[in-house]
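Visitor: Okay, handing you the structure first.
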Amino acid sequence: QVQLVESGGGLVQAGGSLRLSCAASGRTVTTYSMAWFREAPEKEREFVAGIRWNAGSTGYADSVKGRFTISRDNANHTLYLQMNGLRPEDTGTYYCAAGSWVIDESPAGYRYWGQGTQVTVSS
């Protein structure tokens with residue numbers, strides 16, 4: 001069983017930065033690809049960034065390329081998302097996901113989810 005707990009969300013002004021963390025438990029979690037998704041009110045959950053189990057490759061949504069960086073520390077079972085140059089349209093609940101073998105941009109590709117952390121960007 002894998003459990004995921006996100007932290008690091010908050011309220012920030014446009015142009016600011018936040019770093020999200022996802023603490024993972026479960027001995028097999030380091031073998032999975034992991035990802036961040038976000039969900040804004042009245043919108044579907046969307047892919048933000050993903051990373052292979054060995055951090056050998058990453059993938060990003062076009063809307064965050066050049067601003068967000070995903071990374072992972074397998075020794076400490078932690079996934080990160082560094083978010084710079086935040087915009088009001090980045091507002092939403094951010095979810096950590098695991099359980100895929102590849103970087104899947106569909107939520108259906110992941111077996112395990114955290115409870116989410118809220119990010120609000122004011123203009």
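The values are calculated or read from the model by the stated rules, or taken from the named source; none is laboratory data. Everything quoted here is computed from the prediction, not taken from an experiment. Positions of Cβ are backbone-derived with ideal geometry, glycine not excepted, and every protein chain shown enters the neighbour counts. To get the accessible areas, we keep the full protein, side chains included, count just its heavy atoms, and leave off ligands, DNA and RNA. Shrake-Rupley method; radii C 1.70, N 1.55, O 1.52, S 1.80 Å.
Visitor: Could you list, in sequence order, all residues of the range 70-107 that are open to solvent by 60 Å² or more (accessible area, probe 1.4 Å), assigned to a helix (DSSP H, G or I) and closer than 18 Å to T31 by Cα?
Guide: Those that are open to solvent by 60 Å² or more (accessible area, probe 1.4 Å), assigned to a helix (DSSP H, G or I) and closer than 18 Å to T31 by Cα: A75, N76.
Visitor: For the range 52-66, check the following and say yes or no: at least one residue is in contact with a Cys (Cβ under 9 Å, 6 or more places away or on another chain) and among the aromatic types (F, W, Y).
Guide: no
Visitor: Of all residues in the range 40-54, how many are assigned to a loop (DSSP other than H, G, I, E, B) and surrounded by 15 or more Cβ atoms within 10 Å (Cβ to Cβ)?
Guide: Selection size over the range 40-54: 3.
Visitor: It is to be established whether one or more residues within the range 6-22 are at pLDDT below 95, among the aliphatic types (A, V, I, L, M) and part of a strand (DSSP E or B).
Guide: Checked the range 6-22: no residue is at pLDDT below 95, among the aliphatic types (A, V, I, L, M) and part of a strand (DSSP E or B).
Visitor: May I pose another question? Tell me which residues, restricted to the range 22-39, are open to solvent by 30 Å² or more (accessible area, probe 1.4 Å) and more than 11 Å from H77 (Cβ to Cβ).
Guide: Correct list: T31, E39.
Visitor: If you don't mind, there's one more thing I want to ask. Could you check R111 against (1) open to solvent by less than 60 Å² (accessible area, probe 1.4 Å); (2) within 23 Å of Q1 (Cβ to Cβ) and say which number it fails?
Guide: It fails just one condition, (1).
Visitor: For the condition touching a residue at least 40 places away in the same chain (Cβ under 8 Å), among the charged types (D, E, K, R) and touching a helix residue (DSSP H, G or I) at 6+ places or on another chain (Cβ under 8 Å), what is the one hit in R45, R19, R52?
Guide: From the options R45, R19, R52, the qualifying one is R45.
Visitor: Could you tell me which of the residues G16, G59, G26 is over 15 Å from the mean Cα position of the chain (by Cα) and over 19 Å from Q3 (Cβ atoms)?
Guide: Matching residue, one of G16, G59, G26: G16.
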